[in-house]
Amino acid sequence: MDSSAAGGHHRNRPAIGNQSTKSDLWEVLVAVPLAMLLLVPLLSSGLLGSAVLPSGPSLSASVLAPTSIAKALATSGLASVSASRLHSGFSLDSDLSQHSSILDPHSQPDDRRAAAVRVRASSSSSGRQQKVEWVDKALLGVSSSERNEVKQILDLAIRASREWEIKSTNFLNPALIQTAEAALSQSPDRTSSIRWGGYPGSERTKLLVGQEDSLDFVDLQPNALASLPPHESPYGVVCVAIAGNFKFDTSTGHREFLGSILGTGLRREHIGDIHVLPQHKGAIAFVSSLVLGALCGTLTKVGRVPVTVSTVPWPRVAELVALCKEKELSEGKTLTKVENSLRFDSVASAAFGMSRAKAASMIKKGDIQLNWRARQTSTQVEEGDVLSARGFGRATVFSINETKKEKYAIQIHRPA
């Protein structure tokens with residue numbers, strides 16, 4: 001067939017809206033969708049430029065016009081496509097353009113939303129994988145005894161960071177806090193932490209975890225706490241007074257108060273620092289607000305002394321802590337020892353009044369720790385370090401001064 005005959009055939013074809021025969025209708029229903037499916041994706045993607053399109057009547061303007069295609073699709077009973085979407089070339093949303101390889105450019109709006117969800121899920125999955133990788137790396141140097149707890153803290157921090165919230169752990173011992181902070185420092189997304197035990201310098205504290213930008217707004221200084229309502233429990237910490245007349249039971253100390261609190265059924269992770277009040281009036285303790293009701297209702301005696309438990313208003317907390325600290329210093333023993341070196345075993349021997357050989361043996365067994373961790377006997381001790389010995393108590397290195405004979409005068413404080 002020559003080109004003029006072909007062209008004549010197309011020119012004599014009835015318009016799409018005026019089909020007169022079943023054969024013509026069938027031809028339109030088949031040809032038009034096929035033309036759209038084959039040509040529109042190529043045109044919209046730029047893979048088929050205008051330079052390669054045939055210019056003859058075999059590809060008429062009526063076939064490519066978006067309005068004609070929409071009308072033909074409506075006639076054929078297929079899903080309608082708006083002319084505006086056809087004119088736009090099915091361009092993807094800008095936020096999804098970088099993921100266009102996994103999206104269907106011909107999908108309907110609902111399909112595109114579903115595809116967007118798949119993209120976000122894919123990105124989230126990728127982010128979770130990245131977080132799993134850094135968590136695994138952060139746990140490499142953690143001992144088996146602490147690994148499970150540290151992983152729980154890291155998981156909590158990841159959730160807090162992802163949700164832009166501040167979340168709190170239970171009370172942790174100083175060694176676990178140090179390990180968790182070291183692990184958190186490896187986070188790639190500015191996840192950080194703040195210690196909070198009820199007052200500055202707390203020994204047992206909670207870790208507040210979240211994004212650094214969120215933690216910047218946390219103010220836990222005494223002046224800020226003093227302005228809080230009396231029964232407020234910032235980040236789940238509350239201070240309680242355990243009041244009683246201990247004048248005739250003067251030996252009651254930290255150990256007895258802690259033992260009585262644990263005797264109520266509370267777990268150690270719900271209890272922070274405990275300080276004995278001066279003048280034998282009892283003690284103050286920092287506890288989780290979750291167990292406040294249980295503690296007030298069940299703690300009725302410490303030893304043989306009846307006690308009452310009540311919350312301490314935050315404006316008074318700093319004052320009471322200062323009084324307790326002053327009492328601990330005055331009743332403790334401060335001694336100065338001159339040693340040839342600052343080795344751990346040497347300082348431990350001086351602090352606990354034992355032979356250096358015995359100190360070394362206990363250190364190797366883990367019965368004497370430096371800053372709540374087992375160390376080598378040759379570890380160098382510094383100012384502010386805390387030594388704790390099983391059965392002997394604890395000692396704090398207040399100061400270290402070098403003598404004229406190149407020895408070390410070490411001031412050590414041991415609480416009563």
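With bins 10 Å wide starting at 0, give me the P(r) of region 146-185 over every alpha carbon pair, in whole percents.
Using 10 Å bins, I get a P(r) of 30, 58, 12 for region 146-185.
Before I look further, what does region 255-332 give for accessible area per residue, probe 1.4 Å, in whole square angstrom?
With the other protein chains kept in place, region 255-332 gives 50 Å² per residue.
Using the Kirkwood radius built from alpha carbon pairs, what does the Stokes-Einstein equation give as D for region 345-416 at 10 °C and 1.306 mPa s, in µm² per second?
130 µm²/s
Tell me whether region 275-328 comes out rounded, prolate or oblate; compute the Cα gyration tensor, take square roots of the eigenvalues as a ≥ b ≥ c, and use a/c under 1.5 as the rounded threshold.
In terms of gyration-tensor shape, oblate.
Straight-line reach only, C-alpha to C-alpha below 27 angstrom: list the lysines that Lys364 could link to, leaving out same-chain residues fewer than 8 apart.
Of all the lysines, those that pass the test against Lys364 - Cα under 27 Å, at least 8 places apart if same chain - are Lys333, Lys337, Lys407.
What nm distance separates the two modelled labels at Arg316 and Ala374, each placed 7 Å from Cα along Cα→Cβ?
4.5 nm
Subtract the Cα-Cα distance of Lys281 and Glu269 from 0.36 nm times their separation in residues, and report this length gain in nm to one decimal.
Taking 0.36 nm per residue and subtracting the Cα distance, the gain is 1.8 nm.
Dipole of region 261-358, Cα-centred, from +1 at each Lys and Arg C-beta and -1 at each Asp and Glu C-beta, to the nearest 20 debye?
280 debye
May I ask you to give the solvent-accessible area per residue for region 335-392, in square angstrom, as obtained with a 1.4 angstrom probe?
51 Å²
Rounded to the nearest angstrom and ordered from largest down, what semi-axes does the equivalent ellipsoid of region 135-246 get from its C-alpha gyration tensor (root of 5λ)?
Whole-Å semi-axes of the equivalent ellipsoid: 27, 18, 10.
If you roll a 1.4 angstrom probe over the protein chains with everything in place, what fraction of the accessible area of region 351-416 belongs to carbon and sulfur, to the nearest %?
About 44 percent, which is the carbon plus sulfur part of the accessible surface.
By average Cβ neighbour count within 10 Å, what is the ranking of 341-350, 294-303, 193-202 from highest down?
341-350, 193-202, 294-303
What lysines sit close enough to Lys137 to cross-link, taking a C-alpha to C-alpha distance under 22 Å and skipping anything fewer than 8 places away on the same chain?
Within the straight-line cut-off, Lys137 pairs with Lys151.
Give me the distance in nm between label points sitting 7 Å out from Cα along the Cα-to-Cβ direction at Lys407 and Arg390, one decimal.
Placing both labels 7 Å beyond Cα along the Cβ direction yields 3.2 nm.
Suppose the chain between Cys296 and Ser144 were pulled fully straight at 0.36 nm per residue; how much longer would it get relative to their current alpha carbon spacing?
Net length gain for the segment: 51.1 nm.
In nm, to one decimal, how far is the modelled label at Glu331 from the one at Lys137, with both set 7 Å along Cα→Cβ?
Placing both labels 7 Å along Cα→Cβ, they lie 5.0 nm apart.
The values are calculated or read from the model by the stated rules, or taken from the named source; none is laboratory data. Note that the coordinates shown come from a computational prediction; the quantities given were computed from them, not determined experimentally. Backbone-built Cβ (ideal geometry, glycine too); neighbour counts: all protein chains shown. The protein model used for the area step is the full one, side chains on, heavy atoms only, and it has no ligands, DNA or RNA in it. Shrake-Rupley method; radii C 1.70, N 1.55, O 1.52, S 1.80 Å.
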